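Participant: I have a structure I would like to understand better, so I am pasting it below and will then ask my questions one at a time.
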Ligand SMILES: [Zn+2]
């Protein structure tokens, strides 16, 4: 009799296992059903002691074997399910689209500055640096802007409260031209150098003016440097920068540190010189000032008078970036407004 019941328990258990799947909760229910004290199997095991010796011999090992089988089947299955769950957790779908890391990028100003440096470097220019906090000598006097001269009023200056150790007044440089003198004090011609950097002016801001801005100073000095050299270098630079054929036009002007001095214009890159609203129908866009280095500036830097010739030229990096990337307000560059920053 018990033998038949044991057979039935075995079959029941196997059938039940088929319905469990990977559900650990259902396995627990099975464990209770087949192995708990109230289970049919346990009743048989308990009743063995009341059986005849022959029945004991037959049923005893059989019941124990059945119990062991069920136990080990359940243990194996639980382990198997657990392993599969762990694998699922670590599983990587190599075909899934990647998640893009959010990383920062260069501000448009830095990007433009690097583009400019790259072009000049390709034309064998050296890139140099100069101080932003300066004394009057380097910012004004050495550049032939004497004290009390009206020319000095052209540059509205941020003065520092403290003087330097020599008791000299200090200021935030109003242009990168101070770097010309520093560079010439330490280098003998011939050379061609560009000095990018920040300059400051005490003035009201609007769409075209900022109190701090970036400039580029270019200086080429040698025995026989002329305006023609300047024109050709400027043309090559602007054509490379705007990736278009750009023409240069010079107009007479005045700067204390150059003689003769020019304002230079480039052909309008929108209409290519035909005339449009960007260039007020002139076909030309104002770019900046330039000229042949005043011999007095050479003397300030310690060069012998009339020994060398050179040209100097400065322009605003913001202005170039505004033209190339169609930015309509210079104040955007330092606004920290992500809607602007993320466009470039
Ligand atoms: Zn135009």
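Participant: Checking residue 333 against (1) surrounded by fewer than 15 Cβ atoms within 10 Å (Cβ to Cβ); (2) under 21 Å from residue 198 (Cα atoms); (3) in contact (Cβ under 8 Å) with a residue 24 or more places away in the chain, only one condition comes out false. Which one?
Facilitator: Unmet for residue 333, out of (1) surrounded by fewer than 15 Cβ atoms within 10 Å (Cβ to Cβ); (2) under 21 Å from residue 198 (Cα atoms); (3) in contact (Cβ under 8 Å) with a residue 24 or more places away in the chain: (1).
Participant: Within segment 60-77, identify whether any single residue is part of a helix (DSSP H, G or I), under 57 Å from the mean Cα position of the chain (by Cα) and surrounded by fewer than 14 Cβ atoms within 10 Å (Cβ to Cβ), and answer yes or no.
Facilitator: yes
Participant: One residue is enough: does segment 233-242 have a residue meeting the conditions surrounded by fewer than 20 Cβ atoms within 10 Å (Cβ to Cβ), free of Cβ contacts under 8 Å to residues at least 24 places away in the same chain and either under 27 Å from the mean Cα position of the chain (by Cα) or within 15 Å of the ligand (Cβ to nearest atom) (or both)?
Facilitator: Checking segment 233-242: at least one residue is surrounded by fewer than 20 Cβ atoms within 10 Å (Cβ to Cβ), free of Cβ contacts under 8 Å to residues at least 24 places away in the same chain and either under 27 Å from the mean Cα position of the chain (by Cα) or within 15 Å of the ligand (Cβ to nearest atom) (or both).
Participant: So in segment 260-276, with the set limited to residues that are crowded, with 19+ Cβ neighbours inside 10 Å and under 35 Å from the mean Cα position of the chain (by Cα), which one is farthest from the ligand (Cβ to nearest atom)?
Facilitator: If we take residues in segment 260-276 being crowded, with 19+ Cβ neighbours inside 10 Å and under 35 Å from the mean Cα position of the chain (by Cα), then 264 is farthest from the ligand (Cβ to nearest atom).
Participant: Same structure again: Taking segment 222-232 as the search range and keeping residues that are farther than 22 Å from residue 112 by Cβ and under 37 Å from the mean Cα position of the chain (by Cα), which one is surrounded by the fewest Cβ atoms within 10 Å (Cβ to Cβ)?
Facilitator: 232
Participant: Name the residue, out of 340, 344, 264, that is touching a helix residue (DSSP H, G or I) at 6+ places or on another chain (Cβ under 7 Å) and assigned to a strand (DSSP E or B). Talk me through it step by step, then tell me what you get.
Facilitator: Working: 340 fails: assigned to a strand (DSSP E or B); 344 fails: assigned to a strand (DSSP E or B).
Result: 264 is the single residue among 340, 344, 264 that is touching a helix residue (DSSP H, G or I) at 6+ places or on another chain (Cβ under 7 Å) and assigned to a strand (DSSP E or B).
Participant: State all residues of segment 243-259 that are assigned to a strand (DSSP E or B) and surrounded by fewer than 19 Cβ atoms within 10 Å (Cβ to Cβ); if no residue qualifies, say none.
Facilitator: 249, 250, 251, 252, 253, 254, 259
Participant: Tally up the residues in segment 225-248 that are touching a strand residue (DSSP E or B) at 6+ places or on another chain (Cβ under 6 Å) and farther than 11 Å from residue 266 by Cα, please.
Facilitator: 2
Participant: Just checking, does segment 79-86 include any residue being more than 30 Å from residue 341 (Cβ to Cβ) and either in the same structural domain as residue 325 (by TED's automatic domain parsing) or touching a helix residue (DSSP H, G or I) at 6+ places or on another chain (Cβ under 7 Å) (or both)? First the steps, then the outcome.
Facilitator: First, pick out the residues of segment 79-86 that are more than 30 Å from residue 341 (Cβ to Cβ): 79-86.
After this cut, where a residue has to be either in the same structural domain as residue 325 (by TED's automatic domain parsing) or touching a helix residue (DSSP H, G or I) at 6+ places or on another chain (Cβ under 7 Å) (or both) as well, the list is 81.
Among the residues of segment 79-86, at least one is more than 30 Å from residue 341 (Cβ to Cβ) and either in the same structural domain as residue 325 (by TED's automatic domain parsing) or touching a helix residue (DSSP H, G or I) at 6+ places or on another chain (Cβ under 7 Å) (or both), which makes the answer yes.
Participant: Taking segment 194-224, which residues are more than 21 Å from residue 181 (Cα to Cα), touching a strand residue (DSSP E or B) at 6+ places or on another chain (Cβ under 8 Å) and assigned to a loop (DSSP other than H, G, I, E, B)?
Facilitator: 203, 211, listed by residue number.
Participant: Output the residues belonging to segment 115-159 that are buried (at least 19 other Cβ atoms within 10 Å of the Cβ), at pLDDT 90 or above and assigned to a loop (DSSP other than H, G, I, E, B).
Facilitator: The answer is 125, 128, 130, 140, 144.
Participant: Find all pairs meeting these conditions: Cβ atoms under 7 angstrom apart; at least six residues apart or on different chains; first residue within segment 295-307 and in the same structural domain as residue 187 (by TED's automatic domain parsing); second residue assigned to a loop (DSSP other than H, G, I, E, B).
Facilitator: 295/305; 295/306; 296/144; 297/144; 297/257; 298/305; 298/308; 299/305
Participant: Also, I was wondering about something else. For the subset of segment 277-304 comprising residues that are part of a loop (DSSP other than H, G, I, E, B) and within 16 Å of the ligand (Cβ to nearest atom), which member is nearest to the chain's Cα centre (by Cα)?
Facilitator: So in segment 277-304, the residues part of a loop (DSSP other than H, G, I, E, B) come out as 277-283, 294, 301-304.
Going one step further and asking which of them are within 16 Å of the ligand (Cβ to nearest atom), we end up with 277-283.
Working: 277: 34, 278: 31, 279: 33, 280: 36, 281: 38, 282: 38, 283: 36 Å.
Out of the qualifying residues, it is 278.
Participant: What is the residue count in segment 10-41 for residues that are within 13 Å of residue 71 (Cα to Cα), surrounded by 14 or more Cβ atoms within 10 Å (Cβ to Cβ) and more than 60 Å from the chain's Cα centre (by Cα)?
Facilitator: Selection size over segment 10-41: 8.
Participant: With the checklist (1) surrounded by fewer than 13 Cβ atoms within 10 Å (Cβ to Cβ); (2) part of a helix (DSSP H, G or I) in hand, flag the one item residue 94 doesn't pass.
Facilitator: (2)
The values are calculated or read from the model by the stated rules, or taken from the named source; none is laboratory data. Here the structure is a predicted model, which is why all the values come from computation and not from measurement. All Cβ positions, even for glycine, are placed from backbone atoms using ideal geometry, and neighbour counts span all protein chains on display.
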